[in-house]
Amino acid sequence: MSDKEKCGCGCGCEGHDDADFLTLEFDDGVEVECEIMGVFEFEGKEYIALIPDDETDDVYIYGYKEIGEEEFELVDIDDDAEFEKVVAEFDKITAEQA
């Protein structure tokens, strides 16, 4: 997922027809399949937006760190103030695309 070209919708993803998915496993053992909506930058850091396949309108946002050409890791955003700023930026980006 190192290629960050925007698809036609402008959400930052690589295209909805060839959507990439990953499985999140939470501490309680619950697994959720998620579509990768896109990666975006804010204040010098990268973040990733994930859409869970669970019939909700939720979007999960994590820090994003490339660790190789085709590998990355998700980073929890532990700081509440940082998380609120990142969510506000995500909302701004998606509102601009609508």
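Annotation for K85 and L24: the two label points, set 7 Å from Cα along the Cα-Cβ direction, are 2.2 nm apart.
Think of segment 21-93 as a dipole: +1 on every Lys or Arg Cβ, -1 on every Asp or Glu Cβ, centred on the Cα centre; then among I51, F40, L24, F40 lies furthest on the positive end.
Annotation: amide H of I77 within the under-5 Å range of G63, sequence separation 5 or more or interchain, hydrogens built in the peptide plane.
The relative contact order of segment 21-93, computed from alpha carbon pairs under 8 Å that lie at least 6 residues apart in sequence, is 18 percent.
Protection proxy ranking, highest mean first, for peptides 25-33, 44-52, 83-91: 44-52, 83-91, 25-33, where packing is the per-residue count of other beta-carbon atoms within 10 Å, averaged.
Every read-out reported here was derived from the displayed coordinates using simple, explicitly stated rules and does not represent laboratory data. As the structure is a prediction and not an experimental result, all values here were calculated from the model. All Cβ positions, glycine included, derive from the backbone under ideal geometry; neighbour counts span all protein chains shown.
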